[in-house]
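The values are calculated or read from the model by the stated rules, or taken from the named source; none is laboratory data. Being a predicted model, the structure only gives us computed values, none of them experimental. Note that we place each Cβ from the backbone using ideal geometry, even for glycine, and neighbour counts take in every protein chain shown.
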Amino acid sequence: MNEPNINHWAVLTCTLANLLVGAIWYSPALFYKAWKIETGLTDEVLGKVNMIKLYSITCLFALIMSYNMAFFLGDAKTDWIWGTTAGFLTGFGWAAMIFAAIALFEQRSWKYILINGGYIVTYFTLIGLILGLWR
């Protein structure tokens, strides 16, 4: 088996993209208010969150997801088209679908599923693009 072609700088960029896309997606300009209503979270509860711990764990998870995607796209023939396609298929076909199934069992609303599922699909599509471009 050939060694996968992994650009570690691209993986780190994908990790940071998780925070950037999340900051935009869940901002007041996009889905913050609707997300907060759908989760039942309040400003008081959100104000008590240990942000250092939250962002540290989030970065670790994003790094794992980014390396996992990099291994899947590690073939030397991977380009931005296949990277973007694979990212979308991963986000939509795997990650968002399992998230939606779990959310349905938790009796979550379709609005909740679409907000978070949309973020999942957007993030995976973006990291597929980054990994496909930055060989």
- Item | Answer from Ile37, Ile24, Ile6 - the residue that is under 13 Å from Leu131 (Cα atoms) and either surrounded by 10 or more Cβ atoms within 10 Å (Cβ to Cβ) or within 19 Å of the chain's Cα centre (by Cα) (or both) | Ile6
- Item | Tally, over region 50-80, of residues that are in a loop (DSSP other than H, G, I, E, B) and either modelled with pLDDT under 95 or surrounded by 11 or more Cβ atoms within 10 Å (Cβ to Cβ) (or both) | 7
- Go through (1) part of a helix (DSSP H, G or I); (2) in contact (Cβ under 8 Å) with a residue 24 or more places away in the chain and name the single condition Leu89 misses. (2)
- Message: Condition first: of a type in the set (Phe, Trp, Tyr) and surrounded by 15 or more Cβ atoms within 10 Å (Cβ to Cβ). Now tell me which residues in region 83-133 satisfy that.
- Response: Phe88, Phe92, Phe99, Tyr112, Tyr119, Tyr123, Phe124
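Residue by residue, here is whether (1) among the hydrophobic types (A, V, I, L, M, F, W, C); (2) in contact (Cβ under 8 Å) with a residue 60 or more places away in the chain holds:
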residue	(1), (2)
Asn5	no, yes
His8	no, no
Thr13	no, yes
Leu19	yes, no
Ala23	yes, no
Ser27	no, no
Leu41	yes, no
Val49	yes, no
